[in-house]
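Student: Here it is, the structure, as structure tokens.
The values are calculated or read from the model by the stated rules, or taken from the named source; none is laboratory data. Keep in mind that this is a model prediction, so the values were computed, not measured. Positions of Cβ are generated from backbone atoms using ideal geometry, with glycine treated the same way; all protein chains shown enter the neighbour counts.
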């Protein structure tokens, strides 16, 4: 079987047939240099250091050393960076499925948290199953309770906008409905092929609302959810990274729980 185009390592099997073993990430925390279990309140630090290979894909077993799981698509390590592989619709034997890329932390105990990373979108694509959409690009997740209940921070979109949205259960978007929280930055096209510093944070506020902020190389947006669509998503949840019809790389992901006394 031929290797997937653009990937020097072993081939990736389809989501029905993937059987490649998953290896652990090389992880570190502020107080240690050896690999560590990051599924703790300490947070996550992932520099994607290690040999080129598949880290995890949809339907494959997850290593105890990996903080990530995939509900769609494939996450590779290449050149000490995380990579989507070449996105496709997942129908071929050696497919990545990464036209629909969904990477979520195994730890769902992140309440007030700050997420930062380096992100580089190299190209936007489309497939027969995934035609071009305005929202194609890369998005961060916070307070991920389920695929129907989360906050989505769109940092790179095909239409050149940054938007903060909330997904509530019930509706036509994979069993849920997205609600715009009223914070949009326009005329911020994706800087294709260039590294960006992106960040998102979420905080429970004393009045029962939730504050979500995002930053992409100095372009900042902020929203306060007082119950749009459903009750504010307070308390713990996961963090993650979503991609739609995008080839991208990610590096130096840091997930830091906020100091309760701050």
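This table checks each residue for (1) under 19 Å from residue 144 (Cα atoms); (2) part of a strand (DSSP E or B); (3) at pLDDT 80 or above; (4) out of contact with any helix residue (DSSP H, G or I) (no Cβ under 6 Å at 6 or more places or on another chain).
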| position | (1), (2), (3), (4) |
| --- | --- |
| 3 | no, no, no, yes |
| 8 | no, no, no, yes |
| 13 | no, no, no, yes |
| 17 | no, no, no, yes |
| 20 | no, no, no, yes |
| 42 | yes, no, no, yes |
| 69 | yes, yes, yes, yes |
| 88 | no, no, yes, yes |
| 98 | no, no, yes, yes |
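Student: Further question on the same structure: Which condition breaks for residue 106 when tested against (1) under 15 Å from the mean Cα position of the chain (by Cα); (2) surrounded by 22 or more Cβ atoms within 10 Å (Cβ to Cβ)?
Tutor: Among (1) under 15 Å from the mean Cα position of the chain (by Cα); (2) surrounded by 22 or more Cβ atoms within 10 Å (Cβ to Cβ), residue 106 violates only (2).
Student: Please list, ordered by first then second residue, the pairs with beta carbon atoms under 7 Å, 6 or more apart or interchain, first in region 229-242 and touching a residue at least 24 places away in the same chain (Cβ under 8 Å), second buried (at least 17 other Cβ atoms within 10 Å of the Cβ) and assigned to a loop (DSSP other than H, G, I, E, B).
Tutor: 235/111; 236/111; 238/107
Student: Can I ask one more? Looking only at region 217-241, count every residue that is under 19 Å from the mean Cα position of the chain (by Cα), closer than 18 Å to residue 184 by Cβ and buried (at least 17 other Cβ atoms within 10 Å of the Cβ) and tell me the total.
Tutor: 1
Student: Test each condition in (1) closer than 26 Å to residue 169 by Cα; (2) out of contact with any strand residue (DSSP E or B) (no Cβ under 8 Å at 6 or more places or on another chain) for residue 218 and report the one that comes out false.
Tutor: So residue 218 meets the others, but not (1).
Student: Moving to a separate point now. Please return the ranges of strands (runs of 3 or more DSSP E) entirely within region 163-250 where 3 or more residues are at pLDDT below 95. Show your work before the answer.
Tutor: Values: elements: 176-185, 196-204, 210-216, 219-225, 238-244.
Fully inside region 163-250 and qualifying: 176-185.
Student: Looking only at region 100-139, which residues are assigned to a loop (DSSP other than H, G, I, E, B), closer than 30 Å to residue 211 by Cα and touching a residue at least 60 places away in the same chain (Cβ under 8 Å)? Quick ask: steps written out before the conclusion?
Tutor: Just the residues of region 100-139 that are assigned to a loop (DSSP other than H, G, I, E, B), to begin with: 106-109, 111-112, 125-136.
Next, only the ones that are closer than 30 Å to residue 211 by Cα stay: 106-109, 111-112, 133-136.
Result: 106, 107, 108, 109, 111, 112, 133, 135, 136.
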